[in-house]
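Below you'll find the structure, written out as structure tokens, and then a few comments.
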Amino acid sequence: MKGRAVEANLEVDILANSALWRGHEELLSKALAAAAQAEARAGTVSLLLGDDVSVAELNQQFRGKSGPTNVLSFPPAPGTSEPGFLGDIALAAETIVEQANFQGKRFEHHAAHLVVHGFLHLIGYDHEKPADAEAMEKRERAILASIGIEDPYA
């Protein structure tokens, strides 16, 4: 299923290839819009609401790693994208379900956290150094709180 959501300053192109995502697209678009607003960004994001197989293929192709991961972010390559395009985010449904169950979280809240996490990667955040991880987690907490989602690190 394909869709497009427009939330204030952000346009989200959605491609869902797993039934597990049905009914969750609106919250994920809302989470992306909250992240864009918090970071004063406007533009377009492509969101693949994938399954483990499709995300594992992307993980192998672009990162050289086997198996699925919960979220992948692909900022546009310099000089190759249309103006206002912020990048692509891919989520793996089964992996996120498994993680949410293990952590005692609601699936949609964990997915919203990961889409915010992916968005922050698109605009330059990373968590390689402890100070960078702390800054990124602080932004994630604030953005999620703005849409009524509890601290994902609690």
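Quick notes
- Residue match in the stretch 95-113 (condition: surrounded by 18 or more Cβ atoms within 10 Å (Cβ to Cβ), touching a Ser or Thr at 6+ places or on another chain (Cβ under 9 Å) and either among the aliphatic types (A, V, I, L, M) or without any contact (Cβ under 8 Å) to a residue 60 or more places away in the chain (or both)): yes
- Flag if Phe107 is of a type in the set (Phe, Trp, Tyr), within 24 Å of Leu20 (Cβ to Cβ) and in contact with a strand residue (DSSP E or B) (Cβ under 6 Å, 6 or more places away or on another chain): no
- Verdict on Ala93 being at pLDDT below 95, on the phi < 0 side of the Ramachandran plot and in contact with a Leu (Cβ under 7 Å, 6 or more places away or on another chain): no
- Residue in the stretch 44-66 that is under 14 Å from Leu120 (Cα atoms), more than 11 Å from the chain's Cα centre (by Cα) and of a type in the set (A, V, I, L, M, F, W, C) present: no
- Checked against (1) within 17 Å of Ile149 (Cβ to Cβ); (2) at pLDDT 90 or above; (3) not aromatic (Phe, Trp, Tyr), Glu7 meets all criteria but (2).
- Residues that are over 17 Å from Thr44 (Cα atoms) and touching a Leu at 6+ places or on another chain (Cβ under 8 Å) within the stretch 21-30 comprise Trp21, His24, listed in sequence order.
- Condition met for Asn59 (on the phi < 0 side of the Ramachandran plot, surrounded by fewer than 19 Cβ atoms within 10 Å (Cβ to Cβ), among the polar types (S, T, N, Q) and part of a helix (DSSP H, G or I)): no
- Qualifying residue in the stretch 65-87 (condition: more than 13 Å from Ala35 (Cα to Cα), touching a residue at least 60 places away in the same chain (Cβ under 8 Å) and either touching a His at 6+ places or on another chain (Cβ under 9 Å) or among the hydroxyl-bearing types (Ser, Thr, Tyr) (or both)): no
- Thr69 falls short on exactly one of the conditions (1) farther than 20 Å from Glu150 by Cα; (2) in a helix (DSSP H, G or I), and that condition is (2).
- Output for the stretch 114-145, where each listed residue is in contact with a helix residue (DSSP H, G or I) (Cβ under 8 Å, 6 or more places away or on another chain), surrounded by fewer than 16 Cβ atoms within 10 Å (Cβ to Cβ) and modelled with pLDDT of 95 or more: Ala142
- When Gly67, Gly50, Gly23, Gly43 are checked against the criterion of being crowded, with 17+ Cβ neighbours inside 10 Å, on the phi > 0 side of the Ramachandran plot and modelled with pLDDT of 90 or more, Gly43 stands alone in meeting it.
- Filtering the stretch 114-154 to residues that are touching an Asp or Glu at 6+ places or on another chain (Cβ under 8 Å), over 20 Å from Phe85 (Cα atoms) and in contact (Cβ under 8 Å) with a residue 24 or more places away in the chain leaves Arg139, Leu144, Pro152.
The values are calculated or read from the model by the stated rules, or taken from the named source; none is laboratory data. Just so it is clear, the model here is predicted, and its values are computed rather than measured. Counting neighbours? That spans all protein chains shown, and the Cβs are built from the backbone with ideal geometry, glycine included.
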